[in-house]
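Just so you know, all these numbers are worked out from the coordinates, no wet-lab data involved. A quick note: this is a predicted structure, and the numbers were derived from the prediction, not measured. Virtual Cβ from ideal backbone geometry, glycine too; neighbours counted across all protein chains shown.
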């Protein structure tokens, strides 16, 4: 049974068939939101960013992420990349948000405070090195609230996200009425993907807004508090970037050159978080024609603890020690994905191993 499933759009498959695949072919790597599911990519991330994706290529390599994807992509731009991913997995697995008595669940403020400290400890004095990486350009996504969601209060949040969910069923463009995509980017070459589907603003990442932007990108509504008034960005409440760009289903095919390599935890590239239950928005589109997607094989996933990927429900379903053990076992098992990727490369990237998106 294979652990790794390789998928490609028509343009990417044609490239693989005629030229194989080299690190310099890759211009952009997306990182999806999805919380603990991203842990299954741990060993693949270490191999890709620590070994295969050489920094010798002349062109910029764009790393784009929302939520856990933003944290992963930021780790990929750190010095000592392999150590960064080891530390990320450990920090994520050991998260603990015990409620303060007599509450049965932690408050959003409590979770936000502890998570902010985790990010500060993780990046410590290395933010400047991420911002100035010679080749790797980081882009962190947040969803800035508009109108009723411009500031966070309990009534505004409930009313705004309720209306957002209803509007999104009718049209994804309705999301833009209440949420604005904000792209925080390190200095250098701009993002090579044109984003005109929803209201979008671009902000330069710097020492003053790096940690707030990253925390906002991970701030799930009702679980964490929004991050307000991030320096350099338009005033307002910023939430999880996955609300707008859950799996970054973007018009990559419009890039002027290069391929997109997408290490993902599933085959489907779902546009926004609110589209999870809307199956008709889970299909591939021509926008993904130049994408190579690496994902765990669904049959192999069934062999993992609980027959599934780690997910946020495990925080409630499992005790701390059991959850840590289950997640560590899943991460250990995921080494097979990286090994199969290396084997595929060594074999010359045989296209018969590749499935359509």
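Observations on the model:
- Calculated P(r) tail over 20 Å for segment 168-239, as whole % of Cα pairs: 36 percent
- Percent antiparallel among DSSP beta bridges (both partners in the chain, rounded to 5): 45 percent
- Helix 108-123 axis, angle to the chain major axis (alpha carbon atoms, nearest 10°): 40 degrees
- Backbone N within segment 162-191 under 17 Å of label point (7 Å from residue 234 Cα along the Cβ vector): 173-185
- The chain: angle of helix 320-333 to the longest principal axis, Cα-based, in degrees nearest 10: 20 degrees
- Cα gyration tensor category, rounded, prolate or oblate, for segment 234-278 with a/c compared to 1.5: oblate
- Modelled FRET efficiency - R0 41 Å, residue 134 with residue 1, Cβ distances, 0.05 increments: 0.55
- Look at where the Cα atoms of segment 129-154 and of segment 218-287 average out, and the two centres are 12 Å apart.
- The tail of the calculated P(r) for segment 4-356, taken as Cα-Cα distances beyond 29 Å, holds 36 percent of the pairs.
- Relative contact order (percent, whole number), the chain, Cα cutoff 8 Å, 6+ residue spacing: 29 percent
- Across all Cα pairs in segment 122-220, the calculated P(r) in 10 Å bins from zero up to the longest distance comes to 14, 40, 29, 15, 2 percent per bin.
- Between the helical axis of 154-170 and the longest alpha-carbon principal axis of the chain there is an angle of about 40 degrees.
- Label-zone membership for segment 293-327, site residue 95, 7 angstrom Cα→C-beta point, backbone N under 16 Å: 309-321, 323-327
- In units of the compact-protein estimate 2.2 N^0.38 Å, segment 46-154 shows a Cα radius of gyration of 1.29.
- Peptides 296-305, 173-182 ordered by packing proxy, namely the average of other Cβ atoms within 10 Å per residue, highest first: 173-182, 296-305.
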